[in-house]
Amino acid sequence: MDLGPLVLSAKLALVTSLILIVFGAPLAWWLSQTRSRWQPVVQAIVAMPIVLPPTVLGFYLLVVLGPYGAIGEWWVQVTGETLTFSFAGLVIASCIYSLPFAIQPMQSAFEAVPSKNIEAAWTLGASKLDAFLSVAVPLSFRGFVSAAVLSFAHTLGEFGVVLMVGGNIPGETRVVSIAIFDHVETLNYSAAHRLSLVLVAFAFTSLLAMFVINRRWHRR
């Protein structure tokens, strides 16, 4: 079995998950605490990848990240390389595609944090950042676990978006979902079956681990 697509997919999913956790947590916190009239608008934008067809999202990302797009042109000027059909482009596309799977669990966890705990930290002289890091984040552990598992698993199995933005370049953008599609096209069902079984086993194991951790955390 060719492990190249599996390794590349795991690398992409890991990088995407880390980025979404680090940069998504402040957004999830803001969504859980704000009373701004713009909150529903931001929530709708964050959730759009759930309902948008992957090819639609992939098409617009291809336009924006392409060498003549708003971001892609700037990237070419800075690095001399294109974002499309590259691993960096896949990371950006994956972060957008998996955004709701990271934000929503963290937002729900933050909303469950008792406000009195945050207020107590403020009365003891903690800044908003200190209260967020020392109180909100530890109490929202379950949300972070769910966000990490869901965003990793979702990125690992994505197809339409990565195909539109990254194409099918071995060692660079040929992730496991595209490799499975290639095997099916060439009627190599045994190879497609082996790769698919790996994804099925990983999906079940990761979800089982997430539910077990959340259940034990809930009993505390």
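A few notes on this one:
- Spacing of the two label points (7 Å from each Cα toward its C-beta) at LEU197 and LYS128, in nm: 5.3 nm
- Structure-derived Rg and Dmax of the Cα atoms in Å - corresponding label in [x] 17.3, 63; [y] 19.5, 66; [z] 30.5, 125: [y]
- Scalar couplings 3J(HN,Hα) for region 184-198, obtained by applying the Karplus form with A = 6.51, B = -1.76, C = 1.60 to θ = phi - 60°, are 5, 4, 8, 6, 8, 5, 5, 5, 5, 5, 5, 5, 5, 4, 4 Hz; x denotes Gly and Pro.
- Span from the region 1-65 Cα centroid across to the region 101-124 one, whole angstrom: 21 Å
- Taking each residue as 0.36 nm, the span from SER115 to LEU207 lengthens on full extension beyond its C-alpha to C-alpha distance by 30.1 nm.
- Segment GLU81-ASP2, length gained on full extension (0.36 nm per residue, minus Cα span): 25.7 nm
- Summed side-chain charge close to TRP122 - residues other than TRP122 whose Cβ falls under 13 Å, Lys, Arg +1, Asp, Glu -1: 0
- Gained length - ILE71 relative to ASP182, 0.36 nm times residue gap less alpha-carbon distance: 36.9 nm
Rule-based calculations on the coordinates, nothing more; no lab input. In this text the structure is predicted, and so the values were computed from the model without any measurement. Glycine also receives a Cβ, built like all others from the backbone with ideal geometry; neighbour counts cover every protein chain displayed.
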